[in-house]
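Below: one structure, written as structure tokens.
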Amino acid sequence: MLSAKPWGPALLSLLILAVFLGAWHAATLPEKGAQVVDDEYAKLVGKSAATGQKSAMPGPADVAKKIWSHVNDPFYVRGTNDKGIGIQLAYSIGRVLVGFALAALVAIPLGFLIGMSPTVYRALDPFIQVLKPVSPLAWMPLALFTIKDSGLSAIFVIFICSVWPMLVNTAFGVMSVRKEWLNVARTLEVRPLRKAFRVVLPAAAPTIMTGMRISVGIAWLVIVAAEMLVGGTGIGYFVWNEWNNLSISNILSAILAIGLVGMLLDALLARLARAVTFPE
Amino acid sequence: MSEQPFVKLEGIAKRYPAPGGGVNTVFENLWLACAQGEFVCVIGHSGCGKTTILNVLAGLERPSEGYAFVQGREIAGPSLDRAVIFQSHALLPWLTVVENIAFAVRSKWPDWDNARVREHCRKHIALVNLTGAERKRPAELSGGMKQRVGIARALAIEPKMLLMDEPFSALDALTRGVLQEEVLKICAETRQTVFMITHDVDEAILLADRIVLMTNGPGARVAEVMLNTLPRDRNRHDIHRHPHYYPIRNHLLDFLIDRSKSFERELEGRAYDPQNPPLVMPGIGEAPTAQRRAAAAPSLARNGT
């Protein structure tokens, strides 16, 4: 059994990676000696076109080379449309963090209120139900029109997509605080504010953290699309720009970087969630 | 009871809207009093509204009808004067043992400094024999230890009255016995007024001065009030050697097994005053219960029970 050995899963992962890279490599091999046009024309159109290769799809070695060059020099600036991938990622992470923090500032107190008061819950529920399923990108034109700043609009889009999971989870966490804990607070005549911070907040914290984790995941998904629309800076813009440059190697490097950053953000919040989780 | 009652329930009822549109009455017209320093036990099957009575006394629930008084004043809500020991211990799992108790202590005395709170907690942790476990979280404690923390938390606020809702029912028999004895000792030392709910006959005999016997719900009522005629310095080791022990125990078991179901029939053709349910003292040469049982027997036989 593989699971009996600690290195089993890692070995299997490496195997899958190797098969994938191998297949990729084989699929993108240039067909040698199959020159279909004359030498003059081959010189004119370039080697890959002349050998009848179907597309400019790079092989794994090309992409690895590209990634290596990005890792070696991630923060260069050579003009507005030529910035290092590290700088672009930093822009995106910055926007996500600002939008996410603003959303947390609004969603957690409001979710608390909704969870504590059935009246507020019933009053706000229709709005939440209608606004929650709206794609965050649908807000983009409205944001551009009202805010009149593409960078701030992107942050607003992040805000609007992060707010719902946090709001709903906070309200749910607060609503489902065990009755017996609330009864303890009641019999001890604990004042409302102290009850909110010492009983309800710690009890709901794991659920709130789950909401935050979902939010940051969605925010990271949305930022790429948002930056493709607003342009200028950010990893989303980088991807779009490299599409216009037809540099598939760069796009693949960016995809890998986006995945890694998303994983790191999730791991960070998972760690925070563990810190507030209590065993029962 | 010659003393002015410490708490008094006057004709309380609890009703819920029934799913079919009617009204479910858990109990109604229930009268109960408890004197200062007295240990009162309510015994009855699940569903007779015992916990509701306790919640009314705690101020966590309002009766549908009737009034509840503490020291002559109507109960308006929960109070630090009446500490509750919950069946499920209800410790806050994200706090350690000492933090759980300190939370209660700070609720009662918000202006105490840290050293004073710590010292007060230490004293009560020692009282329930938990010294050494101060820094542990509830999840690391056994069921018995958790309930000890619950008891320490309740005692730490120095309440005028302790309300215990089947505090030992979730524990194994051995732990339960040890904890019962500790509670008995603490209550005897402090002359604490206690109201406890249980369905354990031996627990009631060991701890209570008076045992309130409730019939089954819905429409539950106080069938009898039994005076525990065993001397107050009881302990688990020789309580069963006292000549009154078995009459008391048999009376309680008879009630719980048979009479709690059929009490309404037992009442037929007999005056019953909910304000003054019959007082029984098994073992003190009394025969009224036996007579009543004999009187009730034909009706039981008639109904084929």
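Throughout, read-outs are computed from the coordinates displayed, never taken from laboratory work. Quantities reported herein were computed from a predicted structural model and do not represent experimental measurements. Here Cβ is always computed from backbone atoms with ideal geometry, including for glycine, and neighbour counts include all displayed protein chains.
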With 21 Å as the limit, write out which pairs from B:K50/B:K261; B:K123/B:K185; A:K195/B:K108; A:K179/B:K50; B:K123/B:K146; A:K195/B:K8 have Cα-Cα distances beyond it, or answer none.
A:K195/B:K8
Which value in Å is the Kirkwood Rh of the range B:167-222 over different Cα pairs?
12.5 Å
A:L246 versus A:V130, label points 7 Å from Cα toward the beta carbon: distance in nm?
4.8 nm
Using each residue's phi in the range A:127-137, evaluate 6.51 cos²θ - 1.76 cosθ + 1.60 at θ = phi - 60° and report the 3J(HN,Hα) Karplus result to the nearest Hz, with x for Gly and Pro.
4, 4, 4, 7, 7, 4, x, 6, 4, x, 6
Once the dipole of the protein assembly as shown is set up from charges on Cβ (+1 Lys and Arg, -1 Asp and Glu), the residue from the list B:A58, A:V200, A:Q129 lying farthest towards its positive end is A:V200
Which value, in nm² and rounded to one decimal, describes the direction-averaged projected area of the C-alpha convex hull of the range A:215-280?
5.1 nm²
Of A:S162, A:L142, A:V224, which is farthest towards the positive pole of the range A:85-276's charge dipole, taken about the Cα centre with +1 and -1 on the beta-carbons of Lys, Arg and Asp, Glu respectively?
A:S162
Using just the C-alpha positions of the range A:85-276 as equal point scatterers, what log10 of I(q)/I(0) does the Debye formula give at each q in 0.16, 0.17, 0.20 1/Å?
-0.98, -1.06, -1.30
Go ahead and run the numbers for FRET between B:R116 and B:S46, Cβ-Cβ distance against an R0 of 41 Å, rounding to 0.05.
0.45
Share of Cα-Cα pairs in the range B:128-251 beyond 25 Å, in percent?
29 percent
Which whole-number value in Å³ per residue fits the convex hull of the alpha carbons of the range B:19-166?
154 Å³
Cα-derived Rg over Rh, computed across the range B:61-102 with Rh taken as Kirkwood radius:
1.12
What is the extension gain from B:Q4 to B:R232, computed as 0.36 nm multiplied by their sequence separation minus the C-alpha to C-alpha distance, in nm to one decimal?
80.0 nm
Cβ density ranking, 10 Å radius, fewest first, applied to B:Y16, A:Y237 yields B:Y16, A:Y237
Using Cα-only point scatterers and the Debye equation, what is log10 of I(q)/I(0) for chain B at each q in 0.07, 0.08, 0.09, 0.13 Å⁻¹, rounded to two decimals?
-0.29, -0.38, -0.48, -0.96
If you place +1 on the Cβ of every Lys and Arg, -1 on the Cβ of every Asp and Glu, and leave all else neutral, what size is the dipole of the range B:36-93 about its Cα centre, to the nearest 20 Debye?
80 debye
Here the longest stretch of chain B that holds no chymotrypsin sites (Phe, Trp or Tyr not before Pro) in a DSSP loop having at most 16 other beta carbon atoms within 10 Å is B:113-271
What number, rounded to the nearest 500 deg cm²/dmol, is the helix-based mean residue ellipticity at 222 nm of chain A, given -39500 (n - 2.57) per DSSP H run of at least four residues and division by all its residues?
-24500 deg cm²/dmol
To the nearest µm²/s, what D does Stokes-Einstein give for the protein assembly as shown at 37 °C and 0.692 mPa s, using the Kirkwood radius over alpha carbon pairs as Rh?
109 µm²/s
Any idea what the dipole of the protein assembly as shown comes to, in debye rounded to 20, about its Cα centre with Lys/Arg Cβ at +1 and Asp/Glu Cβ at -1?
420 debye
Mind giving me the FRET efficiency for A:Y76 and A:M263? R0 is 30 Å, r the Cβ-Cβ distance, nearest 0.05 is fine.
0.75
Can you give the three extents of the C-alpha atoms in the range A:154-198 along their principal axes, from longest to shortest, in whole Å?
48, 18, 10
Compute the Kirkwood hydrodynamic radius of the range B:1-80, taking the inverse of the mean of 1/r over all pairs of distinct Cα atoms, and give it in Å to one decimal.
13.4 Å
For the range A:114-186, radius of gyration divided by Kirkwood radius, i.e. Rg to Rh on alpha-carbons:
1.16
Apply 1/(1 + (r/R0)^6) to the Cβ-Cβ distance of B:Y246 and A:Y121, taking R0 = 56 Å, and write down the FRET efficiency to the nearest 0.05.
0.45
